[in-house]
Every structure is written in structure tokens, then in C-alpha cells.
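Engineer: Got a structure for you, questions after.
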Amino acid sequence: MDQKILSLAAEDKNEGLQCCLQNLKETELLEIITKHAVKGKECGALLRGIFRGSPCSQDVAVQRRLTVYRHCIQLVESGDLQREVASEIMGLLMLEVHLFPGASLIELANLFVDAVKGGSLSNGKSLDLFPTVLSALSSKESLAYGKGELTGEEFKKQLINSLCSSRWDPQSVIFLTSMFRDVSLSVEELQFVVEKVLRMLSKLDLQEMPPLVYQLLLLSAKGSKKNIVEGIITIFNDLDQKQLIQQENSISLDLEDATIPQDQLCHVEGTIILHIVFAIKLDQELGRELLKYLKAGQQGDTSKILCPFSAALLLSVSRIHRFQEQVFDFLKSTILRVYKDHQFHQSSKFLQDLVPQPACVSSILLKTVKNSVYGWDHVTQGLVELGFILMDSFGPKAAFGTKVVETISVNSRTPAQQACQLGSRILLEAFKVHEPIRSEILEQVLNRVITKAANPVTHFLDLLSDIVVSAPLILQNSSSKVTEAFDHLSFLPLTTVQGLLKAVQPLLKISMSMRDSLILVLRKAMFSSQIDARKSAVAGFLLLLRNFKVLGSLSSSQCSQAIGASQIQVDVHMRYNAAANEAFCLEILGSLRRCLSQQADVRLMLYEGFYDVLRRNSQLASSVMQTLLSQLKRYYEPEPDLLPPLKLEGCITAQGDHIFLQEPLAHLLCCIHHCLHWYKSSLLQHRNPDDDDDDEDNDHTGCQQDLHDILESITRRMIKCDLEDFELDKSADFSLASGVGVKNNIYAVLVMGICEVLIEYNFIIANFSKSKFEDILGLFKCYSKLSDILKEKAAKGRQPGNNKMARSLISMTFVSTLLTALFRDSTRSHEESLSVLRANMDFMRYSVCVALQKIQQLEETGVTDGPDGQNSEKMFQSICEITRVLMWRYNSIPTAAENPGKKDKGKNISLLCLEGLLRVFNTIQQRYPSKIPQFFTALDALGEEDEEGAREINVTEKAAFQIKQFQRSLINQLSGGEDDFNSKEALLLVSILSTLSRLLAPSSPQFVQMLSWTVKICKETNIEDVQFCKGLMNLLFSLHAQFKSPVSVLRELCQDIHGHLGDIDQDIEVEKQSHFASVSLKTAAPTVTLLVLAQAAKVLEEVDWLIIKLKGLLGSEKLSTEDLTQTSNARLPIEKAIILQLGTLLTACHELVQTALPAGSCTETLLKELAKMYTILTSVVKYYLQICSSHGGQISARLEKLVKLSGSHLTPQCYAFITYVQNIHSESLSLAGEKKKKKKEEASTVTTAKILRDTKPIPNLIFAIEQYEKFLIHLSKKSKVNLMQYMKLSTSRDFRINAATLDAALQEKGSEDEENEPDNEQTVTEEQSQEPKKKRRRK
């Protein structure tokens, strides 16, 4: 029979075919089709014959066709057919579909829908037919559906909706998604399909996700790109979160319970990112939609748009040139925004209670780096670029012509500094895990260090140091790059050279070739014509001397040297080359000796570095001391009776008319003193008694003795010297304009430095000898005479900084020793000798001033001058000892009790102690935040530090204890009479309380106690001192911000200001409400007013920030009811808080705008803040307008109350205040005009300019009010609530009519008209014919 059908079909005998097929049973027909399909022979010809013999004009033939279609679909899905045969069958079926009547098409379409619902699709090949069926359906004008009719398009839509609402077998999702690419879909239908596929994507196994995402991306060519991108990012963000939670709980789970393996997830994510990037390359609209979606989410919850997956995706997209700049700009702005939000959030308890803490952007990006190990090569290049972009954009910047001093404190980084630090961490982590990019990272870091010499490069040097420490042996392979960098050392700034050499120092230990290259470069630099190059050479050689140990040197622990991470010594070949190191070090010392004949700056570096060299390399002591001795002898006068003992003329040099310092003699003596002290205290203690190095010992001892003898001789003769011996007395010229004056200034500074060094030297060797202490006073007498002369001359010459103390050469460790001896040493045997020093108040004051200077230096730079100045641990110990002394001195002897009745020159010692304590508390918080517990332990009476105990102590309790002591001192100040009140001391006490209060936990009872005490002081104490009032108010506001919003306090303060200054309407008498006694007529304006307005500005900033967050939440809401309700509930408390804040602040402004504030800063600032207030009110109205427009919401009753309040309590008063401001300015203008009639033009120009400046905010305020009213009208229309009923028509526009003045003028005019009645008509006619005067254009 099958052959008959084939032959009839070949002969085009349609009637014969029809007869043949009618006589053939259905089962037989299907068997024939199956046989030919399985064999793959003549199947197509057979089907064509069957279709030709089954015309669609006959119902029987249509049913036959349907049966054939069903059977063919089953055959194709069975998988028994060859691929070519299946494709041929599906092609023939597609060609005949359009001939079916509508009912048959519906039946055929339902066949596919039922197959999907039943999960009977095995390979999805038959789905190729479904798009053709749907296309044929949509072309039908009407189709019977139930009892009615539908158009083909409507039926297709319903069919797709039904299909997307049904359950899909996970195995058929990919086939179905691929099939929909060939279906013509409307926007709504496409959205149905995409949402369904995305729901299925989240339910698939990890391995099945990439092919489905690929199909989705192909589907995105039809549209709905944003939904596809958003869906993919959301799904993988959720998977990352689940995996993270699972990882955190992995300790309690077995490995078998792990549902999402990290490595598998990361591999899948990597593949999907590649698919997306490939799709974006082909369809750039998809890339634009990705960026648009991410940018839109910036305002809301950043964790939804920025996750490890989306970050990796963006970094991969950045490799496409068109999107590179956009991607990095987005990442930069998002990172900075997150850090700013975090900082803003942390600064206010009000915000912390309302909004959860922002996502940690650093952990997200570092997780991306960590995940990139799993084959994400397409991400690594973007990571490197991002790291460098962050470091370049947010690294420290040098202002034009200024020198940058790094003052980054550990616990208070700015958002820009945090972003820079994140860039550094990204690069460091990428360097650790990705071998191919190590070379590039190192090269780029070194390039920036070398080429950005004008800008600070400390952040790059820190990164280089971290890289070297993390992998010194790996970096040995890249030693050529480091060696190339050495060639540029001569041209780099000194600080950069020091940082670079310190960073690569561990490499020098393991790479001899690198060390040799460096030495060659340094030797060349030593003979450079540029002084900076020679200083760099000295710095390099000193570093080498410190870090290459000679056999027999003391270990670092014996020298009590704390070694930082960047100074780790890699002692790979140390055992074998210690002897070689000795020859190497002696050779370097020989090179350094040449520096002793160079400029003062070069010598100074050498003197400051020798002490560290000895401490780290004790075997070089003999060579170093011999060098110092021979240098000193060049300036020492050996005759024992000759005065002065030093040849100062050899310390200066002249070039033409200019005189320079050639030899920093005081620093040379300082270096000698410290080396001798170290030699005596450290080296001899650890010497082995069995050693046979007698010759060497004799050399050491002989040299040491010579130096001691010289210092003794200098001391003895310096005491005998008068200023005339140095040609320095009161009559000498000290002006810096003449050569003689410059020379005398240099001499004076040298002599003062020498005296200081000798004071320290003699105190240390004195062993509490009375005669030695008397020598110290003799030296101090010489020092103080010169100091007084210099201060006096500087004051006469009006030179800046004349009250500043010269940089002291006394070391920090000695300062702590000296202060402890002077103030705390109660040993009886020391009492007599110490009384010599204690009796001299100038010396006591001087010792505290030096301590203050050292603490200030430590606070500003993190290091101090002198030995151990860069040793963080020793500086911390010294600062603890100094603090104990200063605390004891201040608490023991009150300021008022010190030197009663005697007007002493210089500052009160107790006051100096207090200033020192303030600096100490600031320094500890900025420089040693991790050691705060040890600091408080050290302040205990015994001062015994126990690290374990320090860790256990409660910082809040300890800080509260110290706070109580200072509170007591402040109350004593305030309880005394007005004559006893010391303004400076009170201000210092408030500053100390403010600093210590930062250590209190805001949730602790101690913090609440501190706040209530501050409020009580402000409310009950009448303060006339403006600066003290300002300090106290700042303390109040800073505490309040950590506890709750200060708006209620602002309202009370505004009422007090209004009561003291009076009303703008002089006829109204204001009732004085004294909430805060600290507000008086003297302090109300401008002090308290400006502080209140500054706080109001902060409150408005917070409200503005919250409105932006609300708009972000509104934008991210989905249309589904569940999500809408959830986000609405999240928005309600924020909306309520915003309106409450604005309402309270509005009542505070209501008081201020009625206050007769003085012209100037107060009125100008108030006008600006009022304009901000209306701008924020407008933002609130716009937000509700958005709710009404897009979400069909209603405005709350609270908003209605706020609008009513603004209409009754603010807007009318604002216009009255504007009138008041303009009146006081016009009065001052007329007054200035009367006073300066002679200089009329000049005076009027200056006064007009001032008034224009002061009244500039007025038009801005009026514009802000009008904008507010404009959007209120829009909101009224949208919400169907008349909000404008609360707003009165404003009068202050281009002109104002004063009713009283108008009446008076009209009466006067009336009396004149009666007198001149005949001419009345003529006058009126003339007036009517004249043109009105043109209005003056507003500038």
C-alpha cells in the first residue's frame, strides 16, 4: 500500500490518492508512516502524498491530517528517528499547518500545551512546530472559544498565559525557551514568558543554568532586556547569600549536607558571565540596559545591585571598550556613595534606628577577588584596573605648592581614604591568588611610585611593602623590574626613596644581585650635584647598615627593637655571610664618611641615622664612634680654659651675600650623647665576661672615654660662658634681612640646641647629684636667655610664629624621665638634689612645654624626633608615663592655687598640663586605638601594665572615671566667682570631656549620665564667655547626635534666643523662656544662633538622605501585592520620622524668623537654612506625588498637618523676616551715606556691595517657597485633597504696600488736591498720558 501511495503521488493523481487513503485504516496508515520514518527511506515523499490526498476541504481528511500530525510528533519525541529524518518531517508539518481550519489549529495547539503540562516532551524537537501553529492561529480573524468567539491574537495570548501558568518539567525548560524565540510575542506576552523562565531558572540544578541563561539572552533580542538582566543578577545574588550562610554554619553541618558547593557555583557563575558578555558584544543595547538597571538601584539598597556576581559581571563587561569608562565610573561612584552613606549612618543615632546599616562594599569586592580563582580570567584584568583607579582617584593629593604630611588616623578614615584602601586590598589579594597578573601589578605600582613624584605616593609604597612581605621569594623572579626602579632613585623625593627602600628591604636579603645594583646606584647618587640625590644615598646606605647584621651583633630583641611588618628579615644565607656583611658594612661606612664634608641637611640625616644603626648592628660601634669623635674634634676647642669651648664660626658658610648652616653641631652632640648612652646601657650589659676581645674593648672604652671627657669639658665651659662670648647679646642684630642677623640667628639656635643636649646628657649621668643639677640650671640659664632674646626680637619684627617654641632636641624618652623625676619622685635620697631643679619655675615650665611639643608632633605625624622616635611601642610607653605625671600635677595643684598674686611670665603650668592631656587623649585615639585599654591601665596609680588585664578592662568604665575627674574640675571653675573663672582652662576641660566622651559606648548608662550632666550644665549655668559657651554647646550637640535627634533641644534654644533678642516687631514684647541659662544676651547672637543653625542644617541633611532612601525603596518595589505591602510597611516609620523631624524643626524656625537678629552672618545663614527647609519640604511633596502617580497611594494625615503648619507658622513669618532684613540693611545704607558724604561714591559702592552680598539669599528663599507651593498645587490635584487651603497669598514679591504709610500719603495728597482744585483735571490727564516707569531689572 505504501508503494501505491508513493506511485500515485509521483504521478500527481490526487483523486486516486484520496480513494486509496479512504480505504486505508488509520492504524495501517500510521504503521506505514512509522516503518518509513524509522528506516529513513522516502518518508518525506510518503507524507507529501498523504497530505495531497487529504485536502482540508473534507472533514474526514482534516481528521486524518490531525492523526498524522499527532503520530509524527510522537515519533519525533520518541528519539527513534535519525536527526535528518526528524528535521525533514518537522519541515513538512510546518509547511502544511496554515491549511488547517481554526478548530484543528486549536486542537493541535492544545496538544502541545498538554504535552508541556504532562511533562511528556523528551527531546523538544517537536516544539519547532509550535511557533508555526501559534502563527497560524494568530492569523485567524475569529475562533470559536466556549460559547463565544475570540480573535486569533487574543487566543494566542490566552494560550501563552495558560502555558506560562502551568508547571514545567525542568528538563523541558531549555527547549521551551528556545522555542519562544521563534514565536511572535507582544511586550506583555514576552514579559509572561521571561518571568516564567526566570522562576524556573532559580529551581534548576547548577549545571543546567548556563544553557538556560544562554537561551534567555538569545530571547532578549525580542525585548524585556532589563527584566532578564535583573532576574539573572537577583538569582545569583540569592545563591551567593545562601552559600555564604551555609559556609558560616559549616562548622555545625556535615559535608554531605552542603547544598551549594562553592567551587561548582563559582564555575557556573563564570560561564554565565562569559555568556552575558558575549551577548553584550553582539547586542550593545543589553549592556546599556544592564548599566541603566544598576544605576537606578544606586539610591536604594546597594546590596541588591552590587554583589560578588554583579561586580564580576561589570568587571568583565569593562573589557568591552564602549562600556569601559561607564563601568568604572559607576563602580567608583557606588563605592564612594556606600562609604559616605556608612559614615553618615554611623554619625547619627536617629538614622541608625530607622535604616539598617549599608552593605559592606569592601567584603563584596574582596569576595569577587576570592571567587575569581575559579577560572574567572575574564575578571582579573578588570580587578587590576579597578584597584588602580580607586588608588589613583582617592589617594592623598598635594595642594599646589604645598607639602603633604600623612595624618591618616587608624579609626577615622574619610570615605575617599577608605576607597583608596579598598583599591590597595583588591590589588594585594589579586596579587596573591593570580600568578599571571603579578608582573603587571608590580610594574604599575613601581611606575606610579617613580612617575608621580609631585604627588604623595605613600599608599603605593604601603601596597608595595605588603606585596613584598606576602611573597618575597615569588618577587625574586621580578627582580629586574625593581632594579630598573633603582635607576630613578636620584630623581625621586627623599620620602619616596626612604619608603621604596624600606618596602623592598626584605628582597635585598635574598637577592644579592639586587643589593649590588642598589649599592651602585647609591654610590653614584653620593656624588650627584643635587643635594636631594645625596640625601637619598645616605638614606639608602643607613637602611643597609641597619639591616645587614655583622657577626656577633646583638639580636633585635636584646636591643628591645620593635620590628614592623615591612622590616621582616629573611635570613636565608645569614649564617654563612655574616663575615662578608662586616666588610660590606665597613665599606658603606667609608662611603658615608664623605658626607661629613657635605651640606648640613646631608650631615643631619647621618647624625639622626647613626643611633639606629648602632642599635641594630652593635659591632659597628667602634667605627661609628671613631667617626663621630673625629668630626667633633674639628669644632672642639681642646684648651681647657678657652671660652667658648666650640668653634661656631666653622659651623657656617657663606655663598656671596647668603649665609648657611654648614655643620648642625647640636645634632652631632645629640647623636654622640645617644650613642654613648646606648653603648653604656645596652652593650656592656650583654657582654660575655669570657670574651677575649680586649683590644677591641680598649678601643671602644678609649673612644667612649674621650667623648665623655669632651662633653664634660664643654658642659663646664658652657656654664661659664656669657652671651658675649658667642657675640650674642641683646644689642646684637637678629633681623633675617641682613647677613649678620642670619649668622646670629644660626649661632643662637646652635647654642640653644647644644644647651638642651648637654642638659639631657648631664641629667642622665648625674645619678641625682646636686652639683650636676646645678650645672643643668646653669645650662638652662644660657638657653632661656637666648630664647627670651629671640622671642623679644621676633615680637618686635612681627615675624609669624614668634610665640612658638623652637624644635627641641630633647628625646621623648628623656622627657618622660625628667617629668617623672620633677613631679613624682618622692625618694628621700633624691629630694635634696631635685629641689634645686624644682625651685626654678621656668625650668619646670620648660620641661612641660617640651613634653607638649613632643606630644603635638606625635599627634600630627605619628613619630617624634630623636632616638626611638619611630618606635611605636616606646612612644606609647613614654606617652603613658607623661600622662600619669600631667594628671597628677593638674589634680594636685589647681590652676588658681599656682603662684598666687604673682604675674608669672609664660603660661600657668597647670594650664600647660591640661593642654598636654587634651593632646594626649586625641593622640591615643588617633594613633593607638587598639591600645586604649593598656593606656587606661597605665593611668592607674601604680601604673603597672598587665596586657591580659588590659584586654579585660571595660574602656567605657575607665573613660567614665576620668571624665568624672574633669567634670569635677569644671564644676569647681563654674562654682567660683566671676573673677576666679579661667576661660582658657574651662575651654580646655570641655575639649577634654568631648574627646573622652567618644570612648563611651552610646548605649551605656555612663553615656546617658554624661549627656544628662551636659544638659544640666547648659540649662543651669549662666555663661558670659563666648568661646566657652561655644565649646559646651558643641559638646551637647555631639553627645545628643549619638543618643537621639537634637530637634527638641533646638526648639527650646530658639525660644531662648527669641526671648533674649526680642521680636522683629518692636511693639511686641516677647515672654522670656529660659530653658537654657547658658543662652544670654551676650551669647545668643551670633554664637548660639549660628550653632543652632548649623545643627538645623545637619537635621535637614539627614532628612534629605532619608527621602533619597525612600525614593530608592519606591523605585525598587515590584508590582506584586506581597512585595508592595512589605516595602510600604518598611517606608511607614521613615515617613513618620521625616514629618516629625520637619515639624519640630519648623516650629524652631518659627521662633528664629520672628527674632530681631543682628544684620550679618546670623540673618544670612538663617535665610539660607530657610531656603533649604523649603527645598526639603518640596522633596517630601514630590515623594508623595510619586506615590500618588505610580502606586495609587494616598497622602497621610501627618503630611496634611505638616503643610498646615508650614502655611500658618513659617511662610507668613518668612516674608515678614525678609522685610525686616531689607529694612535694617536700608537703614545701615542711609546711615553710611550720612557719615561719608565727602567720599560719597566710594562709600556707596562698598556699602551697596555688602548689602547685595547679605541680601543675596532673599531671592533664593522666595523661589524655594514658590516651588514648594507649585508642587503642593500638583499634589492637591493628584490626591484630590486641597492642600493649598492652608497657604496664604504671599505679599512679598516685586513690591510691597505698607498700609499705614499709604493712608498717610493719601491724606496728605487729599489736602493738597483741595488747595489746587482748578488744576486737578489737567494733572490727571497728564498722568494718564505718561508711560509707566520701567522696572529695574533684578541682577
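Engineer: Work out, step by step, the length gained on full extension between Arg523 and Asp706: first 0.36 nm times the residue separation, then minus their alpha carbon distance; give nm to one decimal.
Structural biologist: Result for the pair: 62.7 nm of gain on full extension.
Engineer: Net charge near Asp641, counting Lys/Arg +1 and Asp/Glu -1 over other residues with Cβ under 11 Å of its Cβ?
Structural biologist: Spelling it out: positives minus negatives among the neighbours equals +1.
Engineer: Express the relative contact order of the stretch 1015-1159 as a whole percentage, based on alpha carbon pairs under 8 Å and six or more residues apart in sequence.
Structural biologist: 36 percent
Engineer: At a 1.4 Å probe, what is the % contribution of carbon and sulfur to the accessible area of the stretch 418-534? Kindly include the intermediate steps, with their values, before the conclusion.
Structural biologist: Numbers: 2410 of 4810 Å².
C and S fraction of accessible area: 50 percent.
Engineer: Sticking with this one: Provide the net charge surrounding Glu230, with neighbours chosen by a C-beta distance below 10 Å and charges set as Lys +1, Arg +1, Asp -1, Glu -1.
Structural biologist: +2
Engineer: For a Förster distance of 35 Å, can you work out the FRET efficiency between the beta-carbons of Glu831 and Glu637, rounded to the nearest 0.05?
Structural biologist: 0.40
Engineer: Can you compute the modelled spin-label distance between Gln82 and Thr861, with each label point 7 Å from Cα toward Cβ, in nm?
Structural biologist: Here the answer is 8.9 nm between the modelled labels.
Engineer: For the stretch 326-333, just list the computed ³J(HN,Hα) in residue order, Karplus coefficients 6.51, -1.76 and 1.60, θ = phi - 60°, integers in Hz, with x standing in for Gly and Pro.
Structural biologist: For the stretch 326-333, the Karplus curve yields 4, 4, 5, 4, 4, 5, 4, 5 Hz.
Engineer: Residue by residue through the stretch 198-211, which ³J(HN,Hα) values in whole Hz follow from phi under the Karplus form 6.51 cos²θ - 1.76 cosθ + 1.60 (θ = phi - 60°), with glycine and proline marked x?
Structural biologist: Each residue's phi maps through the Karplus curve to give 5, 5, 5, 4, 5, 9, 6, 5, 4, 5, 8, 6, x, x Hz.
Engineer: Give me the net charge for the shell around Ala537: Cβ to Cβ below 9 angstrom, other residues only, Lys and Arg +1, Asp and Glu -1.
Structural biologist: Working: positive: Arg523, Lys524, Arg534, Lys535; negative: none.
Its environment carries a net charge of +4.
Engineer: Also: On average, how much area does the Cα convex hull of the stretch 1157-1199 cover when viewed from any direction, in nm²?
Structural biologist: 3.6 nm²
Engineer: So for each of 1080-1093, 965-978 I average, over its residues, the number of other beta carbons within 10 Å; can you give me the resulting order with the highest mean first? Display every interim value, and only then the final one.
Structural biologist: Values: 1080-1093: 20.6, 965-978: 14.9.
The packing order, highest mean first, is 1080-1093, 965-978.
Engineer: For the pairs Lys304/Lys1172; Lys1136/Lys1182; Lys1044/Lys1201; Lys156/Lys196, note any where the Cα-Cα span goes beyond 21 Å.
Structural biologist: Numbers: Lys304/Lys1172 31 Å; Lys1136/Lys1182 16 Å; Lys1044/Lys1201 23 Å; Lys156/Lys196 17 Å.
Violating the 21 Å Cα-Cα cut-off are Lys304/Lys1172; Lys1044/Lys1201.
Engineer: What full-extension length gain, to one decimal in nm, is calculated for Ser480 and Gln246 as 0.36 nm per residue of separation minus the Cα-Cα distance? Show your work: numbers first, answer last.
Structural biologist: Working: separation 234, 0.36 × 234 = 84.24 nm, distance 4.52 nm.
Between Ser480 and Gln246, full extension yields 79.7 nm more.
Engineer: Short version: ³J(HN,Hα) in whole Hz for each residue of the stretch 1218-1224, in order, from phi by Karplus 6.51 cos²θ - 1.76 cosθ + 1.60 (θ = phi - 60°), x for Gly and Pro, what are they?
Structural biologist: 4, 4, 4, 4, 5, 5, 5
Engineer: Share of the stretch 948-1100's accessible area from carbon and sulfur, percent, 1.4 Å?
Structural biologist: 48 percent
Engineer: Kindly report the accessible area of the stretch 989-1112 per residue (heavy atoms of protein chains, probe 1.4 Å, no ligands, DNA or RNA), in Å².
Structural biologist: On a per-residue basis, 40 Å².
The values are calculated or read from the model by the stated rules, or taken from the named source; none is laboratory data. Remember, it's a predicted structure, so these values are computed and weren't measured experimentally. Cβ atoms come from the backbone with ideal geometry, glycine included; neighbour counts cover every protein chain shown. Areas reflect the complete protein model, heavy atoms only, side chains present, ligands, DNA and RNA absent. Shrake-Rupley method; radii C 1.70, N 1.55, O 1.52, S 1.80 Å.
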